[in-house]
Amino acid sequence: MSSRRTRRRRKKVTDGSSATTFSPTNNCKNSHILTFIYRALGEPGKTGAGTWYTDAENWANTNDVLSGMDAPYATEDQYPRANAVYYLWKALK
């Protein structure tokens, strides 16, 4: 197993499909991509309250990651690749 994949598993960046499955061909929702980014950044401000994506959404709102999109953020919407790139760009500014 590559060291990059080991780090992702240790950080639990891609947890969710199952304890051992990433499911790269599954569709992602906005909540998934924000949670991936949030976990990759070390889960800043984690509270553990609410749903599995609540902390990620709170972090994204607090850090202005969700502003500037043409359409409002919707947790359950499937995202186009453009959203993923935009969220990454905003998160890493």
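Okay, residues lined up against (1) part of a loop (DSSP other than H, G, I, E, B); (2) in contact with a Leu (Cβ under 8 Å, 6 or more places away or on another chain); (3) free of Cβ contacts under 8 Å to residues at least 60 places away in the same chain; (4) β-branched (V, I, T):
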| position | (1), (2), (3), (4) |
| --- | --- |
| F36 | no, no, yes, no |
| E43 | yes, no, yes, no |
| T51 | yes, no, yes, yes |
| D64 | yes, no, yes, no |
| D70 | yes, no, yes, no |
| N83 | no, no, yes, no |
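Could you tell me which residue of segment 56-69 is nearest to T25 (Cα to Cα), considering only residues that are under 12 Å from the mean Cα position of the chain (by Cα) and of a type outside the set (A, V, I, L, M)?
E57
In segment 34-53, what residues are closer than 21 Å to L92 by Cα and either within 11 Å of the chain's Cα centre (by Cα) or at pLDDT below 85 (or both)? Please lay out each step first, then the result.
Initial filter on segment 34-53 (closer than 21 Å to L92 by Cα): 34-46, 53.
Scanning segment 34-53 gives L34, T35, F36, I37, Y38, R39, A40, L41, E43, Y53.
Yes or no, residue by residue, for (1) surrounded by 15 or more Cβ atoms within 10 Å (Cβ to Cβ); (2) over 15 Å from N27 (Cβ atoms); (3) among the charged types (D, E, K, R):
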{"site": "A49", "(1), (2), (3)": "no, yes, no"}
{"site": "T54", "(1), (2), (3)": "yes, yes, no"}
{"site": "A71", "(1), (2), (3)": "no, yes, no"}
{"site": "E76", "(1), (2), (3)": "no, no, yes"}
{"site": "Y79", "(1), (2), (3)": "yes, no, no"}
{"site": "A91", "(1), (2), (3)": "yes, yes, no"}
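Being loosely packed, with under 11 Cβ neighbours inside 10 Å and at pLDDT 85 or above is the requirement here; does A60 meet it? Don't jump to the end; show me each part of the working.
Details: loosely packed, with under 11 Cβ neighbours inside 10 Å: no; at pLDDT 85 or above: yes.
Answer is no for this residue.
Collect the residues in segment 11-20 that are modelled with pLDDT under 70 and either part of a loop (DSSP other than H, G, I, E, B) or among the polar types (S, T, N, Q) (or both), keeping them in residue-number order. Break it down into steps so the answer makes sense when it comes.
Just the residues of segment 11-20 that are modelled with pLDDT under 70, to begin with: 11-17, 19.
K12, V13, T14, D15, G16, S17, A19, listed by residue number.
Do you know which of the residues in segment 23-34 that are not in a loop (DSSP other than H, G, I, E, B) and not aliphatic (A, V, I, L, M) is nearest to V85 (Cα to Cα)? Let's see the steps before the verdict.
Initially, segment 23-34 is screened for residues not in a loop (DSSP other than H, G, I, E, B), giving 29-34.
Within this subset, residues satisfying the condition of being not aliphatic (A, V, I, L, M) are 29-32.
Values: K29: 14, N30: 12, S31: 14, H32: 13 Å.
Looking at the filtered set, the residue picked out is N30.
The values are calculated or read from the model by the stated rules, or taken from the named source; none is laboratory data. Note that this is a predicted model, so its numbers are computed, not measured. Don't worry about glycine lacking a Cβ; one is built from the backbone with ideal geometry, like all the others, and counts go over all protein chains shown.
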